[in-house]
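Heads up, the thing below is written out as structure tokens.
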Amino acid sequence: MKSAVIAVDHGTRRTGFASSDPLRIATRPLDVWHGEGAADELLDVIADLVEDHGAGTVLIGLPYNMDGSVGPRGADVLRFMSRLKERLGRIRILPHDERLSTREAESLLREAGHHGQARKARRDSWSALVLLRDWIEQGEPEREWPQPD
């Protein structure tokens with residue numbers, strides 16, 4: 001049986017979230033969390049979102065380099081994913097390529113009429129929304145965690 005999905009656009013200072021319903025019909029951006037990306041508090045926030053939404057999967061945007069390799073920022077995200085897996089245990093933690101998600105989120109925000117500070121405040125969660133929709137459109141692939149280069 002399918003369950004909800006939480007998507008995470010992990011950042012060093014801000015982290016955005018989006019969610020889907022179990023049937024993947026409705027997707028929506030959630031709030032942005034402001035704080036250090038390596039903070040234990042962020043693990044708590046994600047654990048709460050998983051519980052509140054009944055999620056069985058957490059999709060994490062992985063910042064690949066344009067050549068497909070995993071650089072230093074990607075390695076940071078992989079370390080965070082490992083900590084999250086330890087914390088959540090039974091929940092699937094999946095990486096998904098987030099290249100160009102911010103650009104697509106900016107475009108969606110402009111189309112929705114958000115400008116200036118309003119657009120900036122929503123960008124991270126809308127990036128998570130783009131990530132989630134892309135994953136669903138690709139057939140919900142379960143990719144292996146890559147190794148940093």
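Each value in this text was obtained by applying a stated rule to the coordinates, not by laboratory testing. Note that the coordinates shown come from a computational prediction; the quantities given were computed from them, not determined experimentally. Positions of Cβ are backbone-derived with ideal geometry, glycine not excepted, and every protein chain shown enters the neighbour counts.
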Which residue fluctuates the most in the chain, going by a Gaussian network model with Cα springs under 10 Å, if the choices are Arg133, Arg123, Arg83?
-> Arg83
With each run of n ≥ 4 DSSP H residues scored as -39500 (n - 2.57), what mean residue ellipticity at 222 nm is computed for the chain after dividing by its residue count and rounding to the nearest 500 deg cm²/dmol?
-> -14000 deg cm²/dmol
Projected onto the charge dipole of the chain (+1 at Lys/Arg Cβ, -1 at Asp/Glu Cβ, origin at the Cα centre), which of His34, Gly74, Ala47 gives the Cα projection farthest towards the positive end?
-> His34
Could you tally the net charge around Arg24, taking each other residue with its Cβ under 11 Å from the Cβ of Arg24, Lys/Arg +1 and Asp/Glu -1?
-> -1
With a Förster distance of 25 angstrom and the Cβ-Cβ distance between Val45 and Glu137, calculated FRET efficiency to the nearest 0.05 equals 0.40
The chain, Rg to Rh (Cα coordinates; Rh as Kirkwood inverse mean 1/r) | 0.94
